[in-house]
Amino acid sequence: MKGFAMLGINKVGWIEKDYQKAGSYDAIVRPLAVSPCTSDIHTVFEGAIGDRHDMILGHEAVGVVVEVGSEVKEFKPGDRVVVPAITPDWRSLEVQAGFHQHSNGMLAGWKFSNFKDGVFAEYFHVNDADMNLALLPDEISLESAVMITDMMTTGFHGAENAEIQMGSSVAVIGIGAVGLMSIAGAKLNGAGRIIGVGSRPVCVEAAKFYGANDIVNYRDGDIVKQIMDLTKGKGVDRVIMAGGGIETLAQAVEMVKPGGVVSNVNYHGTGDILPVPRLAWGCGMAHKKIVGGLCPGGRLRMEMLIDMVKYNRVDLSKLVTHVFDGFENIEQALLLMKDKPKDLIKPVVIIER
Ligand code: NAD
Ligand code: ZN
């Protein structure tokens, strides 16, 4: 089969490869729609998780089941499914500890385009189909469904880890698709004032749609100062990091109040150390909690998020700004994600309606 792959750091291209055979609990899925992720860009063009050779990219897909193993009970060929970016080994100690994202090793629940071939292929393999697939309801478009697999679960996880309380003030740094979903998640969790930090007009407009009350443009100067000015020097109760660079953690620690939470879902692709400012962290005694998390995956998470879309708690359509028709456009969509033109939030490639 054909797939679009990372050939090595900074190198991508089409390759021919066999797909992994389905074991007795697994499924083979043919993608109907896929989307490139900023994480694919970190992985390929920054070499952020090390070198990979001829590894098919992509971890955001909805598809149709073409084959299931003998022990798969809940899915059959022909089922249309949402495939989470994170497909853990559910029989692992980390799952018992409550962190399925790290089943059998740190970040190892993230398999597609990390430890195994991803979804930018004519077919792809899903481990433990009964635990990792979710049925796609007819009411949800392919474009929105593919946003559930990673953008929605990640952005919402940023809000979950931020432990937002009714009325908490929240700053969301980075308002690409993930940050936009963090804004939506913060609003659903009862945030009071929400401040989005970003610059591209298309993202600013979407941030307001999802619930941002104020926008701080990081191109207009120091974001800590801007947020302190907006909050009369008090800072915010919660910060969600969904973008930015090596300096962003320090900024987040500075702008969060004592007792606050800094919740990171950004994939830090460069640098060895993320500095934390000693004084702003109360010399280590400010009760400022720093947490970072990989998005939850698996079937139950997908089913719960699918319900939120199906029952109109959140409208994912605003995330998708570019739609391509045809498998061969995966390459163009990935490069678009790399170049990030001003009018882009997320591209989706429709392979088959
Ligand atoms: P994106 O590039 O569309 O959005 C990030 C935004 O941050 C951009 O709009 C950019 O302009 C902005 N930005 C850059 N520098 C900034 C600064 N100094 N201050 C504020 N904003 C700044 O990316 P995305 O698709 O929304 O993803 C966001 C991050 O989340 C990426 O690093 C991605 O790899 C990561 N991610 C993590 C997970 C996870 O499970 N934790 C899952 C998916 C994506
Ligand atoms: Zn991703």
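Bear in mind that the values in this text are calculations on the coordinates, not laboratory data. Computed from a predicted model, the values in this text were never measured in an experiment. With ideal geometry, Cβ positions are generated from the backbone for all residues, glycine too; neighbour counts draw on all protein chains shown.
A compact table of results
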quantity	calculated
Taking all pairs of distinct alpha-carbon atoms in segment 305-353, Kirkwood radius in angstrom	12.1 Å
Selection of chymotrypsin sites (Phe, Trp or Tyr not before Pro), segment 258-353, meeting DSSP coil and at most 16 other Cβ within 10 Å	TYR311
Rounded tilt (10° steps) of 330-339 against the dominant C-alpha axis of the chain	10 degrees
Restricting segment 234-301 to trypsin sites (Lys or Arg not before Pro) in coil, as DSSP defines it, with at most 11 other Cβ within 10 Å	ARG278
Ascending count of other beta-carbon atoms within 10 Å, so fewest first, for MET302, MET1	MET1, MET302
Reciprocal of mean inverse Cα separation for segment 69-136 (Kirkwood radius, Å)	12.7 Å
Exposure proxy ranking, count of Cβ atoms within 10 Å, fewest first, for ASP89, ASP343	ASP343, ASP89
GNM flexibility winner over the chain from LEU133, LEU316, LEU300 (Cα, springs under 10 Å)	LEU300
Exposed GluC sites (Glu not before Pro) absent - longest run of the chain, DSSP non-H/G/I/E/B, at most 16 other C-beta within 10 Å	248-351
Across LYS76/LYS116; LYS11/LYS116; LYS288/LYS340; LYS257/LYS342; LYS21/LYS340, pairs whose alpha-carbon gap is larger than 25 Å	LYS288/LYS340; LYS257/LYS342; LYS21/LYS340
Whole-number D in µm² s⁻¹ for the chain, Kirkwood Cα-pair radius fed into Stokes-Einstein, 10 °C, 1.306 mPa s	78 µm²/s
Theoretical FRET efficiency, 1/(1+(r/R0)^6), r = Cβ-Cβ of ASP220 and VAL66, R0 56 Å, to 0.05	0.65
Formal net charge of residues neighbouring ILE246 (Cβ-Cβ distance under 13 Å; K, R +1; D, E -1)	-3
Among 332-338, 183-189, the order from most to least packed when residues are scored by Cβ within 10 Å on average	183-189, 332-338
Gaussian network model of the chain, springs between alpha carbon atoms under 10 Å - residue of ALA97, ALA286, ALA61 with greatest fluctuation	ALA97
When the convex hull of its Cα atoms is projected in every direction, mean area for segment 27-158 (nm²)	8.3 nm²
Share of Cα-Cα pairs in segment 1-99 lying beyond 18 Å, as whole percent	59 percent
On Cα atoms only, tilt of 177-188 relative to the major axis of the chain in degrees	70 degrees
Enclosed volume per residue, in Å³, of the convex hull spanned by Cα atoms of segment 1-46	105 Å³
Charge sum, other residues only, whose C-beta stays under 13 Å from ASP307's C-beta, Lys/Arg counted +1 and Asp/Glu -1	+2
Where only alpha carbons of segment 160-288 are counted, the Rg and the Dmax (Å)	13.3, 40
